[in-house]
Amino acid sequence: MALRFNGEQSTEHLRAQSHVWNHIFSFINSMSLKCAIQLGIPDIIHSHGKPMTLQELIDALPINKAKANGVYRLMRILIHSGFFIEQKIPDDEEIFGYWLTDASRLLLKDEPISLVSYLQVVLDPIMIEPWHHMSEWLENDYTSAFETTNGKTFWDYASHEPKLNSYFIEAMISDSQLISSLVIRDYREVFDNMKSMVDIGGGTGTMAKAIAEVFPDMSFMVFDLPHVVAGLEGTKNLAYIGGNMFESIPPADAVMLKWILHNWSDEESVKILKKCKEAIPSKEKGGKVIIIDIIGGNGKADHEAIETQFFYDLSMMVYVNGRERTEKDWANLFFDAGYTGYKIAYALGLRSLIEVYP
């Protein structure tokens, strides 16, 4: 029997249909952005120095010119999603050209805080495939959908996959350059009265180096897996140490965990925090753990930011059996690990800086 709707019901169902279609096709935003990066569109427009007409862009792109209409259609959706704008050309204000937005400036290859490597990691086929196996993972005993897909954890896979590992390291370096500049500018007091700090999972040391330059009288250590820090040279007040954070952590006045704990389950995070507590002095003597991570539902995020936090949470589940946490979740971790208190500063975009006291 055919379905029959009154006028109001028909409108609601058409609206619902549109909503479903939008989400079915939402991957097109990501793939269109990846295409623009692969073609080098942000850098081409930036090098042009002023708004670029469609024909100028087509002429500059290494494409089959018979497919020029595809460039117009690609740019149309990227304008709609906020990565480019149409702006009058200074020499002829009757002609419009494509120009960059703040978002596309973060996708310039030579931008110190470029997100190109991060895009290349997340949108690599290796990282896309596990999403096709999420329902399968919910039914089996593997720790993540990534492990369900590849038969090994993300960390094991990345350590033997040079391209993925390289993109991942570059993405973390870029992120640390941005976050370190903000922390140093707005939260210098976090490092007051400290003589030493160890950056857990600090990779090549971008975060620690930036802080060490501003506080030359402090001693800094970058602590990561032996193969990560092998061959890296320290400076006058910074050293690289290889080890395993689940076993022991070098002693210091403070321990930093930037974007580390969201990679791990609650049980594993408590273990890490307990090892941190063993490495630092009492609160009275200035001991603390500095955490930079997402706090979900902090009440200050807009719709897009909240959605992005949800995206991150599912990503941690799919890739590494980790999770994003609310303030209550974080507090439970801290107290389960034996800490006495914490202080939060909501000032790092999607993430927050948390000071945790033993």
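The values are calculated or read from the model by the stated rules, or taken from the named source; none is laboratory data. Since we're looking at a predicted model, the values are computed, not measured. Quick reminder, even Gly has a Cβ in these numbers, built from the backbone with ideal geometry, and neighbours come from all protein chains shown.
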Give region 330-353 a look and list any residue that's within 20 Å of the chain's Cα centre (by Cα) and within 13 Å of Ser269 (Cβ to Cβ), or say none.
-> Trp330
Does Ile89 satisfy the criteria of being surrounded by 10 or more Cβ atoms within 10 Å (Cβ to Cβ), modelled with pLDDT of 95 or more and touching a Gly at 6+ places or on another chain (Cβ under 9 Å)?
-> no
Close pairs from region 62-85: first farther than 12 Å from Thr101 by Cβ, partner part of a helix (DSSP H, G or I) and among the hydroxyl-bearing types (Ser, Thr, Tyr), Cβ under 8 Å, at least 6 apart = Leu74/Ser32; Ile77/Ser32
Identify all residues within region 312-322 that are assigned to a loop (DSSP other than H, G, I, E, B) and more than 17 Å from Lys258 (Cβ to Cβ); write none if there are none.
-> Asn321
Can we say Ser181 is surrounded by 14 or more Cβ atoms within 10 Å (Cβ to Cβ), of a type outside the set (Val, Ile, Thr) and part of a helix (DSSP H, G or I)?
-> no
Could you say whether any residue in region 229-246 is outside any loop (DSSP other than H, G, I, E, B), of a type in the set (A, V, I, L, M), in contact with a Phe, Trp or Tyr (Cβ under 9 Å, 6 or more places away or on another chain) and surrounded by fewer than 20 Cβ atoms within 10 Å (Cβ to Cβ)?
-> yes
Here are Phe84, Phe96: which of them is surrounded by fewer than 19 Cβ atoms within 10 Å (Cβ to Cβ) and over 21 Å from the mean Cα position of the chain (by Cα)?
-> Phe96
When both residues are 6+ apart or on different chains and their Cβ atoms are under 9 Å apart, which pairs have a first residue that lies in region 34-58 and is farther than 17 Å from Arg105 by Cβ, and a second that is of a type in the set (Lys, Arg)?
-> Ile58/Lys65
Pick out the one residue from Tyr187, Tyr240 that is aromatic (Phe, Trp, Tyr) and closer than 23 Å to Gly286 by Cβ.
-> Tyr187
Does Ala252 satisfy being free of Cβ contacts under 8 Å to residues at least 40 places away in the same chain and either surrounded by fewer than 18 Cβ atoms within 10 Å (Cβ to Cβ) or touching a strand residue (DSSP E or B) at 6+ places or on another chain (Cβ under 9 Å) (or both)?
-> no
Any residue at all in region 153-169 that is at pLDDT 85 or above and more than 26 Å from Lys275 (Cβ to Cβ)?
-> yes
